[in-house]
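Laboratory data are not the source of any read-out in this text; all were calculated from the coordinates shown. Because the structure is predicted, anything quoted here is derived from the model rather than measured. Cβ placement follows ideal geometry from the backbone for every residue including glycine, while neighbour counts extend to all protein chains displayed.
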Amino acid sequence: SGDFLEQLKFKGGKLVREQEHVHAINGIDIDIRRGEALCVVGESGCGKSTVARTVMGLLSPSKGEIHYDGQRIDHLSAKELLPFRRRMQMIFQNPYASLNPRMTIQQTLEEPIRLHHPDWSKERVRDQVRDVMDSVGIDPDWGSRFGHEFSGGQRQRIAIARALAVDPEFIVADEPISALDVSIQAQVLNLMMEAQQQRNLTYLFITHDLAVVEHFGTRVAVMYLGMVCEIAPTGTLFAKPRHPYTQALLSAIPRLEDDRPQHIRLQGEVPTPVNLPPGCVFHGRCPHANERCRQEVPALIDVEGGARVACHGVEEGRL
Ligand code: SF4
Ligand code: MG
């Protein structure tokens with residue numbers, strides 16, 4: 001907590017430096033499996049973007065390790081990281097900030113290809129750009145246009161095309177549809193799912209939207225205040241949420257069926273990450289907290305259905 005990440009962003013046609021608060025994460029132990037879409041869900045400030053950026057190497061962990069395909073990558077130099085950079089790409093939330101307004105779409109899409117394939121001929125690069133534009137539903141003849149000539153949804157398609165242009169295997173997407181009009185969110189989500197099938201992609205998908213998770217996720221990790229409370233296959237999590245925080249989150253989704261538990265209203269406010277409570281970080285808001293919860297940090301334990309839950313109540317069999 002209290003860390004700031006300096007980010008370069010385009011604002012009003014200018015490249016500016018912006019400081020963004022980074023939410024601390026603690027004791028996160030997750031594996032992402034080839035071919036899956038692991039959704040990380042939680043309220044704003046829970047640290048899910050920090051997880052995304054740490055996995056991508058944009059932030060380095062003060063403790064802990066990141067492994068990619070069996071190799072430790074968190075301590076590599078920029079040069080050593082380059083081959084991994086091609087294999088893992090990132091899609092950001094805001095397609096307005098992430099496309100350089102001074103570059104044509106052609107230039108925008110050529111840039112990563114030239115970086116990772118310096119030996120490719122001009123023709124091969126151009127063909128790759130046309131292919132990838134076509135695959136995201138942008139007319140390949142529009143390469144000479146600039147970002148501002150496109151709608152938000154089209155810009156996010158172009159951002160997806162830029163990520164796909166170097167044929168990655170793993171994509172980290174940080175709230176890729178939440179800045180878009182609701183009417184086009186589903187189209188962009190479907191595009192990402194099609195791309196996953198056609199290209200055998202693995203996703204780490206950050207979102208605060210449980211409807212997206214249910215539609216898109218193979219597995220779900222639920223975060224609260226920098227911790228993973230529960231990680232489970234999507235079907236298991238929605239059928240049988242175990243952690244009290246997950247139960248409260250899910251109970252807030254409107255449902256047609258009547259057999260759902262009543263909306264669970266959480267007491268209190270989310271504590272600030274600067275001054276974390278001892279024990280389970282959720283204890284101040286949990287209806288099932290006891291003395292142990294106030295003192296001891298719960299570890300993730302395996303429960304049925306392929307789920308892992310960090311909760312003393314579940315471990316003690318009283319929840
Ligand atoms: Fe609630 Fe205790 Fe479980 Fe935390 S560990 S979620 S306070 S029951
Ligand atoms: Mg975020």
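Plugging the Kirkwood radius over Cα pairs into Stokes-Einstein for the range 108-185, at a temperature of 25 °C and a viscosity of 0.890 mPa s, what D comes out in µm²/s?
Result for D is 185 µm²/s.
Any idea what the relative contact order of the range 239-319 is, in percent, if you count C-alpha pairs under 8 Å spaced at least 6 apart?
Relative contact order, the range 239-319: 25 percent.
How many percent of Cα pairs in the range 239-319 exceed 21 Å?
The share of Cα pairs beyond 21 Å in the range 239-319 comes to 33 percent.
Between E149 and K240, what FRET efficiency follows from the Cβ-Cβ distance if R0 is 51 Å, with the result rounded to 0.05?
0.60
Longest span of the chain, sites excluded, free of trypsin sites (Lys or Arg not before Pro) in DSSP loop with at most 14 other C-beta atoms within 10 Å?
After excluding every exposed loop site, the longest remaining stretch is 103-254.
Report relative contact order for the chain in percent, whole number only (criteria: Cα-Cα under 8 Å, sequence separation at least 6).
20 percent
For the chain, set up a GNM with springs between Cα atoms under 10 Å and report which of P118, P168, P287 has the largest fluctuation.
Looking only at P118, P168, P287, the largest GNM fluctuation is found for P118.
Label-point separation (nm) for L319 and I264, each offset 7 Å from Cα along Cα-to-Cβ?
About 0.7 nm, to one decimal.
Under 17 Å Cα-Cα from K122, which aspartates and glutamates qualify once same-chain neighbours fewer than 8 residues away are excluded?
E110, E111, D131, D141
For R72 and D127, FRET efficiency with R0 = 30 Å and r from the beta-carbon atoms, rounded to 0.05?
0.25
Which FRET efficiency, nearest 0.05, do M193 and E80 yield, Cβ-Cβ r, R0 35 Å?
0.60
Give me the net charge of E169's neighbourhood, meaning all other residues with Cβ under 11 Å from the Cβ of E169; Lys, Arg count +1, Asp, Glu -1.
My count for the surroundings of E169 gives +2.
Pull out the extension gain between E304 and E43, defined as 0.36 nm times the separation in residues minus the alpha carbon to alpha carbon distance; nm, one decimal.
91.4 nm
Rounded to whole Å, give me the distance from the Cα center of the range 275-294 to that of the range 227-248.
18 Å
If the viscosity is 1.002 mPa s and the temperature 20 °C, what translational diffusion coefficient in µm²/s does Stokes-Einstein give for the chain when Rh comes from Kirkwood over Cα pairs?
For these conditions, the coefficient is 102 µm²/s.
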